[in-house]
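The values are calculated or read from the model by the stated rules, or taken from the named source; none is laboratory data. Computed from a prediction, not measured in an experiment: that's the story for all the values here. Counting neighbours? That spans all protein chains shown, and the Cβs are built from the backbone with ideal geometry, glycine included. The protein model used for the area step is the full one, side chains on, heavy atoms only, and it has no ligands, DNA or RNA in it. Shrake-Rupley method; radii C 1.70, N 1.55, O 1.52, S 1.80 Å.
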Amino acid sequence: MSEVCRKMTLMRQILTSCFGPNGRLKQVHNNVGGHVLTTSTSTSLLQAVSSSEPLLKLITASILNHLSRFSDCGLYTGILCLSLIDHVQKSGLRPSVAIKINKQLLGVCTSFLNQEDCGCKVNVDFNSCQTLVTLARSVISSKPACVLTEREQQHISTLAVHAFLLTVPCGDTRGSPDRVRLGRTVTVSSEGHFVLDSAVFPGLLVNAPDMQLHPTDSERTRRGPGPFRLALFTVSLSGDLSELGVETLEVHRGAPDPEALILDQLLRLGEQAVTDQVEVFMCQRVIHPVLQHYLRRHGVLVIERLGIAVIEPIVQMTGAQAVALYQTPIPPEAYGQVKGCCVRTIGSREMLHLLPPQEPAPAVCTMVLFHRNETMLNELKTACQRAEHVLRLTLRDPVALLGGGCTETHLAAYVRNKGTTEAAEAALSLGVSRSQYLLGLNGFCSSLETVALALEHDGGTSLVDQTHAHHWSVPQGEGLQWGDGGEVPASCGCGLVERRARPGLELEWTPLNTRYPFRPVPLVVDKDTAPTPQLRVLDSFTAKLNALQVAVEMANLVLDIRYVIQDVN
């Protein structure tokens, strides 16, 4: 069991060292050689690091499952889960007792966080982009492997919100949030360019490497606005016999040439497209050169080798149906529409920009990301995808939690005060002694505060104010004169509480994890007499609430395991 505990401690140290905007990067390399992964994201790290310990595999699987659904708070889940297990082992509390106490305290946390007057929550105002940008920036800045400056973080965060808003329908969807069909953001990336050149375009950008070779295509993109009728094929139109899937083809003497017959079918397909006034002809795979020449001669814009990744976005944006046969006529309902098209240069590539039609449909936009090298670019793409998912979660629950460790310290103070006050009643209802309950309460609250402590990586000191229970970080080397706030930063971790916010209200601080019980006071800002504080860090309410539940439930599951049966053959 000591070996299992050692491995859990090591895993907690690894996850803790990656946590927050100042987290340390991790390089994962197989000892027999191969690719070196540099990352600061929990998904990439947990997928790359393998363990032979079944309990660690179980914890890793639960974190990855949470991330697949919510995209955020993976490190939070792992740190909290492993901290809960560690506190139970060090306290000597029986696992069965700890499990009951953890369940009861989890209920206290979820009940508090779902209250309307919860001091950890702020409303997400969709009439202003400021809260959305702060939420996106918090996700992106927590990935230090992106290596972004303050200005670059702000630019990318604004682009993420812009792309998110483009994919949200503009119609009235009140009363039916579950039926809202959101659009899609497609990411195009290119390395070796400035991050600040990144941009968002309505519509879809697709590769068109041969546009320069065909002047008729370039001329076609410069014509007047559409809408243009579009046909989309997923079947190969190359005319090769190998595409038929027949291993052996027997041709009798005097029989027509099979390749000529296939070409005739392809040309009849082209004639129908011209007759039906198709102006954009696209194929996932290869188009026969003769068919290309015929279509271009009739003024049709031809794009081939699209690849499978962009087929679904094209279908979603244009309303087209992907045609999988060329032996039969194109059904009229298979055609889609685009408003227009033009050629854009993205890095060293020529790309065709398809503009979305005017009809109300799920919008598709393209986010073009630039960065200095491949590693940073991959991390940036991942961070932007995570940010988009977090922003989408706010459509169902338009609230966010305070970041910077303030939710954890505020929640720990609330639970510790409530638990201490009601210890006798809670212990009686759980069938445990009061001392056991207080021991479990201290372990639970200390585990929450451990998450806030994990944000500090440079030897600084973490404090908590004794009024609002927000997290404050004093950098290393500065005097710890927190009694009068002389060396305390101007604002807390999330930015909501300011050191000199209100005259006559003097804050007092104490080191985090001092176990001093007090009831935290929610901050009420009088907009008429004081300026509204600027929030610096916000976390997803939905993602963090689920992460809290997963962490506690997984810790209880691990504590409840008595035997592991493992096949070593």
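The residue that is modelled with the lowest pLDDT, counting only those in region 164-177 that are of a type in the set (A, V, I, L, M) and open to solvent by less than 60 Å² (accessible area, probe 1.4 Å), is 168.
Scanning region 405-455 for residues that are of a type in the set (Ser, Thr, Tyr), assigned to a helix (DSSP H, G or I) and more than 29 Å from residue 476 (Cβ to Cβ) turns up 414, 420, 421, 429, 435, 437.
Selection within region 396-425: residues that are of a type outside the set (Gly, Ala, Ser) and in contact with an Asp or Glu (Cβ under 9 Å, 6 or more places away or on another chain). The member of this set that is surrounded by the fewest Cβ atoms within 10 Å (Cβ to Cβ) is 396.
The single condition from (1) hydrophobic (A, V, I, L, M, F, W, C); (2) over 25 Å from the mean Cα position of the chain (by Cα); (3) at pLDDT 90 or above that residue 368 fails is (2). Filtering region 547-564 to residues that are of a type in the set (D, E, K, R) and over 14 Å from residue 103 (Cα atoms) leaves only 562. Quick check, is residue 47 farther than 25 Å from residue 378 by Cβ and at pLDDT below 95? No: the conditions fail for residue 47. If residue 344 satisfies all but one of (1) open to solvent by 40 Å² or more (accessible area, probe 1.4 Å); (2) outside any strand (DSSP E or B); (3) of a type outside the set (Asp, Glu); (4) closer than 23 Å to residue 303 by Cβ, what's the number of the condition it fails? Here residue 344 meets the rest and fails (2).
The one condition from (1) closer than 29 Å to residue 568 by Cβ; (2) open to solvent by less than 40 Å² (accessible area, probe 1.4 Å); (3) within 24 Å of the chain's Cα centre (by Cα) that residue 23 does not meet is (1).
Counting residues in region 84-99 that are open to solvent by less than 10 Å² (accessible area, probe 1.4 Å) and β-branched (Val, Ile, Thr) gives one or more. Note on region 325-370: residues that are of a type in the set (Gly, Ala, Ser) and farther than 25 Å from residue 383 by Cβ total 4. Among the residues of region 32-51, the one identified as open to solvent by 40 Å² or more (accessible area, probe 1.4 Å) and in contact with a Leu (Cβ under 6 Å, 6 or more places away or on another chain) is 48. Residue count for region 435-460, restricted to those that are within 30 Å of the chain's Cα centre (by Cα), closer than 29 Å to residue 425 by Cα and buried (at least 24 other Cβ atoms within 10 Å of the Cβ): 6. When you look at residue 352, is it outside any helix (DSSP H, G or I) and either open to solvent by 10 Å² or more (accessible area, probe 1.4 Å) or of a type in the set (Phe, Trp, Tyr) (or both), yes or no? No; evaluated as a whole, the condition is false for this residue. Where residues in region 134-147 are in contact with a helix residue (DSSP H, G or I) (Cβ under 7 Å, 6 or more places away or on another chain) and open to solvent by less than 30 Å² (accessible area, probe 1.4 Å), which of them is farthest from residue 388 (Cα to Cα)? Per the criteria, the residue is 145. Tallying residues that are among the aliphatic types (A, V, I, L, M) and either within 14 Å of the chain's Cα centre (by Cα) or closer than 15 Å to residue 495 by Cβ (or both) within region 133-155 yields 5.
The residue of region 81-139 that is modelled with the lowest pLDDT, among those that are hydroxyl-bearing (Ser, Thr, Tyr) and closer than 23 Å to residue 71 by Cα, is 131.
Of all residue pairs spaced 6 or more apart or on separate chains, those with beta-carbon atoms under 6 Å, a first member in region 447-468 that is within 14 Å of residue 84 (Cα to Cα) and in contact (Cβ under 8 Å) with a residue 60 or more places away in the chain and a second member that is assigned to a loop (DSSP other than H, G, I, E, B) and open to solvent by 30 Å² or more (accessible area, probe 1.4 Å) are 449/513. If only residues of region 52-83 that are farther than 29 Å from residue 136 by Cα and within 26 Å of the chain's Cα centre (by Cα) are counted, the one that is surrounded by the most Cβ atoms within 10 Å (Cβ to Cβ) is 56.
Applying the condition of being out of contact with any Cys (no Cβ under 9 Å at 6 or more places or on another chain) and not acidic (Asp, Glu) to region 148-163 and asking which residue is most open to solvent (accessible area, probe 1.4 Å) yields 151. Checking each residue in region 100-116 for being closer than 16 Å to residue 556 by Cα and loosely packed, with under 13 Cβ neighbours inside 10 Å picks out only 107. Taken over region 396-427, the residue count meeting the criterion of being under 34 Å from the mean Cα position of the chain (by Cα) and among the small types (Gly, Ala, Ser) is 6. Exposed (fewer than 13 other Cβ atoms within 10 Å of the Cβ), touching a residue at least 12 places away in the same chain (Cβ under 8 Å) and over 30 Å from residue 168 (Cα atoms): which single residue out of 291, 325 fits that description? Of 291, 325, the one residue that is exposed (fewer than 13 other Cβ atoms within 10 Å of the Cβ), touching a residue at least 12 places away in the same chain (Cβ under 8 Å) and over 30 Å from residue 168 (Cα atoms) is 325.
Just one of the listed residues (430, 393) is open to solvent by 20 Å² or more (accessible area, probe 1.4 Å), over 26 Å from residue 512 (Cβ atoms), in contact (Cβ under 8 Å) with a residue 24 or more places away in the chain and within 18 Å of the chain's Cα centre (by Cα), and it is 393. The single condition from (1) over 16 Å from the mean Cα position of the chain (by Cα); (2) within 30 Å of residue 497 (Cβ to Cβ) that residue 353 fails is (2). Check region 554-567 and report whether any residue there is closer than 30 Å to residue 140 by Cβ, at pLDDT 95 or above, surrounded by 16 or more Cβ atoms within 10 Å (Cβ to Cβ) and out of contact with any helix residue (DSSP H, G or I) (no Cβ under 7 Å at 6 or more places or on another chain). Looking through region 554-567, none of the residues is closer than 30 Å to residue 140 by Cβ, at pLDDT 95 or above, surrounded by 16 or more Cβ atoms within 10 Å (Cβ to Cβ) and out of contact with any helix residue (DSSP H, G or I) (no Cβ under 7 Å at 6 or more places or on another chain).
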